[in-house]
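For reference, the structure discussed in these notes is given below.
The values are calculated or read from the model by the stated rules, or taken from the named source; none is laboratory data. None of the values given here were measured: they were computed from a predicted structure. Positions of Cβ are generated from backbone atoms using ideal geometry, with glycine treated the same way; all protein chains shown enter the neighbour counts.
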Amino acid sequence: MISGGTDTSYRKQSVVGRRMFILSAAKFVVFGGIIAQLFSLQINQNKKYLTLSDKNRLREWKLPPIRGDFQDFFGNTIAGNLKVYQLHIIPEQVENFNNLIIRVKDILELDQKTFNKIIKKKNSQKPWETLIISENLSWDQFVKINFYLHELSGVKPVLSVARNYPYNENYTHLLGYVAQASQNDLANNDEIKKKHVPGLRVGKIGLERSLENDLIGMNGVQRYEVNAYGKRIKQIDHIEGQKGKSIRLTVDTKIQQKCNDLLKDKAGSISVMDIYTGDILAMHSSPSFDPNLFLYGISYENWEAIKSDPKKPLINRSITGLYPPGSTIKPIVALSALENNVISPYFKVNCSGKIEMYGQTYNCWKKKGHGVVNLRDALKVSCDTFFYEMSRRLGVDRLNETAKKFGLGNKVFNNIFNEEKAGLVPSTEWKKNALGRGWVLGETLITGIGQGYIQTTPLQLCLMTAQLANGGFKINPKLIVNKDDLTFEDIKSKMSKNLEKKIQGPDFDDALVDLGMSSSKDDNLYSPLFRNQENVKFVLEAMFASTNEARGTSFSSRIEDKKYQFAGKTGTSQVKRITEAQRELDLDISQIPYEDRDHALYIAFGPYKNPRYAMSVFIEHGGSGGSTAAPMAKKLFKVVIDRHEEREKFKQKNINFIA
Amino acid sequence: MFQETALSGQITFFQKLRSLDYILLFCLLILGLVSSLSMYSTEGGEVLYHTKSHVIRFIVFFSMMLIFSFVNLKLWHSIGYIFYFVVLCLLIWASLYGVKASGSQRWVDLYFINLQPSELMKVAIIMCFAKFYHRTQIHLVNSFKNIIVPMVVLILPILLVVSQPDLGTSILIGLSGLVVLWLSGVNVKYFIYSSLILLISLPFLISFLKPYQKLRILTFFNPDRDPLGVGYQIIQSKIAVGSGGLSGKGFLKGTQSYLDFLPEKHTDFIFTLFSEEHGFIGSVLLLFLYAIIIYRTAKIGASARSFFGKLFCYGFASSIFIYVTVNMSMVLGLLPIVGSPLPIMSYGGSSMLATMIGFSVVMSTKIYQKQIIA
């Protein structure tokens, strides 16, 4: 400035002033731009960013839904929820986790394996996530923990609910069981996927599985504010979940328990059905197992024990066990022959213990033979020779038609049980399609005594018996009580109306029989399955004779009291072909290896005067039907009939009771 | 001229006290208060480490600024180069023996404070240029020597800071320097030439960038590219600001910051927090506060008789404007994320110190506005 003088100084000042002015103008524009951006974000797009902000900070936790109950017909809970005591720790809230967990281990007396599992689980989750030390504390453990609670800060005893089957092994095959949802469950059921929370128990088999969507209930929701790391800060909202639907079944626990007692230590199945309403009063498969074992993941030892049991407890024999029906098919063979006018009731055959046909010998079960027998006698004494001859005249295809009509070879339930099997009633067409060979006439003979290709489930035999016992009408076997179920009286009047229609209708009868084969279940419900009801009555009378007349195959199991009197048909089905040599030996049952012993079957209905119930008893490798299965039916019938009064009373009292 | 020099020498203490710019001081105090409250909010409504040290720093540096305001402008002028050299030496020291933190070496351990010399350089470069052009005659401003020397003076610290690496601060130093150069009358053509050269060499320069810096630039153009990685900061910041709405979520109620969704909320993203809690109205008011500060600073410059004082005030006002603009544009998603604090609001001692030194010189210019420096 000393050298520059005022001129330069002035020029400098004016340059900087001018440029500063330009800069200031630019600043205005830029600040304006920032304000514009603020406006755009905070005013124009406020809603969008508010949503995003809430999405950031709010997180929902689904609570496990509470599963609906199963009740028996009388409203007793047969699958419910039990309060269980659990032990939770949130590791983050614990000062010294290692000390604490060792203390807990001592108190609960946990073994090293469980302890290691807990440590592994702890290391795999976030420190603020709840660590479940035990899902099911015993009462003693719970008391002990509470006693020491003051020195176990961070440990939380929690009350939770878990599935419980109070009748243990009694309903296992019917209800199934629940266990932790697997990847498969999630993939196959959207409802489970939607409601899934870690540790959710879902039905694995049986009704628990098939009714999953009704039972599962609605999740409760807890809404929390979380921070950027996902840690819960505070609870914002809590929506109560909804318990799943409670489902009332047609079963009677007393009868079911009796079935279980009868089948103790045996492999087999017993089913009891109302012959009008189709209500299944009991359906038990033995041996069974305790479904409660599966709740917290079955232990290796228990699983091995169940899996390796030679009697195969996992199989639900009532609906998936396929066995030759043996002589229990004879009522249907007889009915079919009568219906098709193949023989008259007076047709006689002389049984000499065996019959030679098509160059082969067919033996009657009685080596000495039955002598001259008519149809009624043949059913009563279960004469095989008579049935060989009758079947020969009947032919397998006509037998197939009648058997299928009465429920053999078809699934009893529509879609309740995934594992249910349809069984097989052979026909010439079936053999050509399935085996590619023509029907051999000899095969008709053994089909006529329930051997050979024919395979049925014990429940199918029960349904068949029921549909015979009610006079030959189609019924709807069911396990679940519905609001709109028809009453016994409604069904009876429907049946008699259908019968009248059939008698009056001119060429109705053949059309209806065809209908029965092809149309869906409900269309011909409660309509006649016969051409002439006299034929059905004849067969029922013969079954009565089989149980209640001397020389009848189950005569020793009869009940003379009219109240309990029942009629039935024994069956003894061969597991393997018996050679002539073995036949000569005539071994006692105890001398035959278990797997080679015959299956014992018995079908029955009663009380004979006014039948209401049908049952089928099946004992795997049980020997003869008359000596093993029929006595069981006798014991069971007493219970069933006694319970009938209870059932009727309950119906009266709870006319509007729907669980 | 002599008369005036003599006059200025006669200013009494009370005259000096009276001639302080009280509006500017008031605005700075308000800003200090707002920043302390924001710091309090970042800690979820508790007085913890950041709040305490921020308040203490503000009080200490503000008092220091007041005291330094009474330093004669001549003295500021005379230490202009020395200050620059000292800071440059500190920068070299930092790059040799500096304290490393989060991948960069920016700090010098001075035993009582960890100093970030790059922040001081933002002021030092303005002081240095102000002195340089104060002494340069207008017709020599565009001479070869007078172009080359400032270029070297500017590029040296930039290179040092880039190598730390600290892209944000080096850009801010560069912009501050360039603004002063432009204000002092450097021919526009040089700016055009150099920006052309920069544009041409841009691909070459980009290859020198650290991978994370490249990623940030790419992310700026498309934040959704990597929403949980680099884009996370921009997205969360925009969510915070946007969800603030007209009047904000309320003091201490900014969920984005309270729940830790906001990154760097104490430092670079303090405005986001403020904006979330106080909304559009609060943000505009804060911007207005900065505008007043910038305006008052520039006004002091306008009435300064010495070219040093004038150029410094203009330059400092402009760089405050640049810091504010860059920081806000960054958090609002208008610019890529580069580390750049918001003056006084952001947590950081060196930045606060540098800003307060700057205001000391501005105040001194005000007090000695009639003084002419020979």
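Key figures
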item	result
Matching residues, the stretch A:524-550, being of a type in the set (A, V, I, L, M, F, W, C), under 15 Å from A:Gln467 (Cα atoms) and more than 35 Å from the chain's Cα centre (by Cα)	A:Phe538
Breaking point among (1) out of contact with any Asp or Glu (no Cβ under 8 Å at 6 or more places or on another chain); (2) part of a helix (DSSP H, G or I); (3) within 16 Å of A:Ile34 (Cα to Cα), for B:Met330	(1)
Any helices (runs of 4 or more DSSP H) falling wholly within the stretch B:2-92 and containing at least 3 residues that are under 23 Å from B:Val324 (Cα atoms)	B:22-42, B:49-69
Failed criterion for A:Arg67 (all others in (1) within 14 Å of another protein chain (Cβ to nearest Cβ); (2) closer than 25 Å to A:Thr130 by Cβ; (3) in contact with a helix residue (DSSP H, G or I) (Cβ under 9 Å, 6 or more places away or on another chain) hold)	(1)
A:Asn341 being farther than 23 Å from A:Gly552 by Cβ, out of contact with any His (no Cβ under 6 Å at 6 or more places or on another chain), without any contact (Cβ under 8 Å) to a residue 60 or more places away in the chain and not small (Gly, Ala, Ser)	yes
Residues being buried (at least 24 other Cβ atoms within 10 Å of the Cβ) and either more than 8 Å from chain A (Cβ to nearest Cβ) or in contact (Cβ under 8 Å) with a residue 60 or more places away in the chain (or both) - total across the stretch B:324-342	9
A:Leu441 vs. criteria more than 27 Å from the chain's Cα centre (by Cα), touching a residue at least 40 places away in the same chain (Cβ under 8 Å) and surrounded by fewer than 20 Cβ atoms within 10 Å (Cβ to Cβ)	yes
When residues of the stretch A:25-45 are limited to those that are farther than 15 Å from B:Ser237 by Cα and more than 7 Å from chain B (Cβ to nearest Cβ), the one surrounded by the most Cβ atoms within 10 Å (Cβ to Cβ)	A:Gly33
Residue among B:Leu273, B:Leu286 that alone is away from chain A (no Cβ under 11 Å) and not acidic (Asp, Glu)	B:Leu273
Answer from B:Pro263, B:Pro343, B:Pro336 - the residue that is of a type outside the set (Phe, Trp, Tyr), out of contact with any strand residue (DSSP E or B) (no Cβ under 9 Å at 6 or more places or on another chain) and closer than 19 Å to B:Gly32 by Cα	B:Pro343
Qualifying residues in the stretch B:252-261 (those that are in a loop (DSSP other than H, G, I, E, B) and facing chain A (nearest Cβ under 8 Å)) - the one surrounded by the fewest Cβ atoms within 10 Å (Cβ to Cβ)	B:Asp260
B:Ala317 being small (Gly, Ala, Ser), assigned to a helix (DSSP H, G or I) and more than 7 Å from chain A (Cβ to nearest Cβ)	yes
Given (1) over 30 Å from B:Thr255 (Cβ atoms); (2) touching a Leu at 6+ places or on another chain (Cβ under 9 Å), number of the condition A:Ser210 does not satisfy	(2)
Those residues of the stretch A:70-98 which are of a type in the set (Gly, Ala, Ser) and part of a loop (DSSP other than H, G, I, E, B), in sequence order	A:Gly75
Matching option when the condition is at pLDDT 75 or above and among the hydrophobic types (A, V, I, L, M, F, W, C), among B:Leu198, B:Leu228, B:Leu215	B:Leu198
Meets criteria (surrounded by fewer than 24 Cβ atoms within 10 Å (Cβ to Cβ) and either on the phi > 0 side of the Ramachandran plot or without any contact (Cβ under 8 Å) to a residue 12 or more places away in the chain (or both)) for A:Gly472	no
Odd one out for A:Arg11 among (1) more than 7 Å from chain B (Cβ to nearest Cβ); (2) free of Cβ contacts under 8 Å to residues at least 40 places away in the same chain; (3) not acidic (Asp, Glu)	(1)
Of all residues making up the stretch A:419-456, the number that are part of a helix (DSSP H, G or I) and touching a Gly at 6+ places or on another chain (Cβ under 8 Å)	6
Any hit, the stretch B:101-121, residues being within 14 Å of another protein chain (Cβ to nearest Cβ), under 24 Å from B:Leu342 (Cβ atoms) and outside any strand (DSSP E or B)	no
So A:Lys48, is it at the interface with chain B (Cβ under 9 Å from one of its Cβ atoms), within 22 Å of B:Asn327 (Cβ to Cβ) and charged (D, E, K, R)	no
Filter result for A:Gly409 (assigned by TED's automatic domain parsing to the domain that holds A:Gln533, of a type in the set (Gly, Ala, Ser), in contact with a helix residue (DSSP H, G or I) (Cβ under 9 Å, 6 or more places away or on another chain) and farther than 26 Å from A:His284 by Cβ)	no
Qualifying position, being within 18 Å of B:Gln233 (Cα to Cα), among the small types (Gly, Ala, Ser) and in contact (Cβ under 8 Å) with a residue 24 or more places away in the chain, among B:Ser364, B:Ser346, B:Ser350	B:Ser346
Residues that are more than 10 Å from chain A (Cβ to nearest Cβ) and more than 17 Å from B:Val123 (Cα to Cα), drawn from the stretch B:301-314	B:Ser303
Conditions (1) crowded, with 17+ Cβ neighbours inside 10 Å; (2) at pLDDT below 90; number of the one not met by A:Ala550	(1)
Index of the failed condition, B:Ile281 passing every other in (1) within 12 Å of another protein chain (Cβ to nearest Cβ); (2) crowded, with 21+ Cβ neighbours inside 10 Å; (3) modelled with pLDDT of 90 or more	(2)
Test: A:Asn341 is at positive phi and not hydrophobic (A, V, I, L, M, F, W, C)	yes
Candidates A:Thr328, A:Thr385, filtered to the one that is without any contact (Cβ under 8 Å) to a residue 40 or more places away in the chain, surrounded by 22 or more Cβ atoms within 10 Å (Cβ to Cβ), of a type in the set (S, T, N, Q) and under 25 Å from A:Ser554 (Cβ atoms)	A:Thr385
Residue that is modelled with the lowest pLDDT [pool: residues in the stretch B:356-374 that are in a loop (DSSP other than H, G, I, E, B) and away from chain A (no Cβ under 14 Å)]	B:Lys370
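Yes/no matrix, rows are residues, columns are (1) part of a strand (DSSP E or B); (2) buried (at least 22 other Cβ atoms within 10 Å of the Cβ):
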{"position": "A:Val197", "(1), (2)": "no, no"}
{"position": "A:Glu208", "(1), (2)": "no, yes"}
{"position": "A:Arg223", "(1), (2)": "yes, no"}
{"position": "A:Lys245", "(1), (2)": "no, no"}
{"position": "A:Gln256", "(1), (2)": "no, yes"}
{"position": "A:Asn260", "(1), (2)": "no, yes"}
{"position": "A:Lys266", "(1), (2)": "no, no"}
